[in-house]
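Peer 1: Could you have a look at this structure, given as structure tokens, before my questions?
The values are calculated or read from the model by the stated rules, or taken from the named source; none is laboratory data. Quick caveat: nothing in here was measured; it's all calculated off a predicted structure. Note that we place each Cβ from the backbone using ideal geometry, even for glycine, and neighbour counts take in every protein chain shown. Just the protein is used for accessible areas: all its heavy atoms, side chains included, with ligands, DNA and RNA removed. Shrake-Rupley method; radii C 1.70, N 1.55, O 1.52, S 1.80 Å.
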Amino acid sequence: MIIVEYSYLSPVRKRFTSEANSILIGRTSGDRVVDLDLSPDTTVSRLHARLVRDREDYWLEDLESRGGTWVNGERLERRRLITPKDEIRLGRTELVVRAVRRPDETDTYNLSQTQPIRLDQDEAHVEPDEGTLADTISASASPARLLVGGEPPQAMEVIQSRLSAFYELGAALGSAEGVEPLLTTVVDHLCAVITGAQRGAILLLEGRVLRLKAYAPLNTRPSVSLHLAKTAIEKQEGFIWRYRESGVISKLTDSIVSHGTKCAMYAPLVWQGDIMGIVYVDNYVIEAAFNDEDLHLLMAMANQTAMFVKNHRLQEYLTHERIVRSNLLRQFSPQVATHLEKLLMQPEPVHLGGERVEPVTILQSDVRGFTVLTANMEPGEVMESLNQLFGVCIPLIFKYNGTVDKYIGDAILAVFGSPEPDTAGRQWENAVRAALEMQQAVQELGQEWQRMGRPVYEIGIGIHTGPVLQGFIGSPEQMEYTVIGDTVNRATRYCHGAGRGEVIISQAVYQRVQGLFEMVPKTIQTKHPDTEPDIEAYLVKGTKS
């Protein structure tokens, strides 16, 4: 089995599994289908890489992708052996390959082989008639009672032992870098400090489903009982279960029979009223393997674990929110970003969706003859030139309170008057002034390129105003603000009608700025004059003195 965990602009990892020995990684498009589809990451090539499993080894090769395949910061040049510790990047997507053997190759039982346990499902024999719940403790019991309380009064050496184990687990959890390593640490620690614990595991709740997250030892099959797990969660109690020898063993639950459990302790993971799962340890030899002292220690550690799990989940959520906000805000001018940051700080989350807004002014710029200019240039040189071009244009858009909606190849689509309303009524003047200064900046950049012997880019700019639909589209992990509608489409038409170094505006924009700039009429010829009339527009020559 091949297991790949991957994440795109988010700390939350998704999991892909396949029984095949070879998988194609990329983006499914048209008739070309890949096994692991990394959409919506458009920086990943449609056919990007291949991962091959050869017995216990995993080999990765790049398929001449556009952006390359990177392993531990180095670009992959040839087929390479991969380990679970390797950090792999395709485009903006991070991957980790998990080494998993098939059941017939080893007696190790893998987490990926377990089926999720629904709390509303039943085992074949739901009541373990021949077992008894010997002791119980409420999950709401105070730490003081769990560590030093109980009847009869505990011997000092017992209390010291509990406190020592509690402290050592806290120190170990403090160094854990994620939830899953944290849980593995907990299980290993429980099996080490509770004398009778031969096996142990932790399962976390995801909705109404319990999923196995960690277990020990690795060379045994996890021995969880659904009935006992449900009992711990529903009663919010920790307890000791003991097998009673007298009676009919077939009346026990199937899992208890198959795993040979003689004695077990189950405890819910509860913190501040939030139930997150269960932890258990068991013994398959001795019926009296655990006592009340062991249960107190297990409950104390379960509460401690629940606190750490909730804290890590909160940190993951905050990191996720920070990434979403960063991706969302970086496309706006500083003024607009500040406004949106205030909105994001409100209790109500930002939702996907849009609204009609009028008026909004659209500016689109485009490099003239871009295909011909770049035909003989190296890809790196093309990208460097575009980045320099955008580097002189974008600050000017921000200077006049514009928002960069998107980059379309060598084109820029900018918006004025959105998402922050244009209360001053200057969006049309701001758009034209930004366009004129963009042309001046591009001309100066071109002169520098000419001295260096590099191809010179020249742009045409079109501006139109009217109603748009504005809002946030995408997914909760990666939202994008955008505008759509006929106004955007017509702005593209005016841009296409602008020559090298020209700024063309529509009549609607002209009516708003006619006293501020020197302008002359210009007719834009359409590609289909028989069905579409020419467009009347204005060429902006400069500002009025």
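Peer 1: Sort through Ala306, Ala289 and tell me the only one that's assigned to a loop (DSSP other than H, G, I, E, B), surrounded by fewer than 24 Cβ atoms within 10 Å (Cβ to Cβ) and either at pLDDT 80 or above or among the polar types (S, T, N, Q) (or both).
Peer 2: Ala289
Peer 1: Which ones in region 459-484 are at pLDDT 90 or above and surrounded by fewer than 18 Cβ atoms within 10 Å (Cβ to Cβ)?
Peer 2: Across region 459-484, the qualifying residue is only Pro467.
Peer 1: Which number in (1) crowded, with 20+ Cβ neighbours inside 10 Å; (2) in contact with a Pro (Cβ under 9 Å, 6 or more places away or on another chain); (3) part of a loop (DSSP other than H, G, I, E, B) marks the one condition that Thr403 misses?
Peer 2: (3) is the only condition that Thr403 fails.
Peer 1: Just the residues that are modelled with pLDDT under 85 and open to solvent by 20 Å² or more (accessible area, probe 1.4 Å), please, taken from region 408-421.
Peer 2: Passing the criteria: Pro419, Glu420, Pro421.
Peer 1: Here is a further query. Give the number of residues within region 1-26 that are open to solvent by 20 Å² or more (accessible area, probe 1.4 Å) and touching a Leu at 6+ places or on another chain (Cβ under 6 Å).
Peer 2: Total satisfying the criteria: 2.
Peer 1: A further question on this structure: Looking at Val382, is it of a type outside the set (Lys, Arg), in contact with a Ser or Thr (Cβ under 8 Å, 6 or more places away or on another chain), under 19 Å from Gly460 (Cα atoms) and free of Cβ contacts under 8 Å to residues at least 12 places away in the same chain?
Peer 2: Answer is yes for this residue.
Peer 1: Restricting to region 488-508, what's the tally of residues that are on the phi > 0 side of the Ramachandran plot and under 41 Å from the mean Cα position of the chain (by Cα)?
Peer 2: The qualifying residues number 0.
Peer 1: Here's another thing I want to ask about it. Looking at region 1-48 only, could you name the residues that are of a type in the set (Gly, Ala, Ser) and outside any loop (DSSP other than H, G, I, E, B)?
Peer 2: Those that are of a type in the set (Gly, Ala, Ser) and outside any loop (DSSP other than H, G, I, E, B): Ser7, Ser18, Ser22, Gly26, Ser29.
Peer 1: Would you pick out the residues in region 422-438 that are among the aliphatic types (A, V, I, L, M) and surrounded by fewer than 21 Cβ atoms within 10 Å (Cβ to Cβ)?
Peer 2: Ala424, Leu436
Peer 1: Looking at Leu60, Leu81, can you tell me which residue is surrounded by fewer than 16 Cβ atoms within 10 Å (Cβ to Cβ), in a strand (DSSP E or B) and without any contact (Cβ under 8 Å) to a residue 60 or more places away in the chain?
Peer 2: Criteria check complete, one pass: Leu81.
Peer 1: Among the numbered criteria (1) in contact with a Lys or Arg (Cβ under 9 Å, 6 or more places away or on another chain); (2) exposed (fewer than 15 other Cβ atoms within 10 Å of the Cβ), which one does Asp31 miss?
Peer 2: Here Asp31 meets the rest and fails (1).
Peer 1: State all residues of region 190-209 that are buried (at least 16 other Cβ atoms within 10 Å of the Cβ) and either closer than 15 Å to Ala306 by Cα or modelled with pLDDT under 70 (or both); if no residue qualifies, say none.
Peer 2: Of everything in region 190-209, those that are buried (at least 16 other Cβ atoms within 10 Å of the Cβ) and either closer than 15 Å to Ala306 by Cα or modelled with pLDDT under 70 (or both) turn out to be Leu190, Ala201, Ile202, Leu203, Leu204, Leu205.
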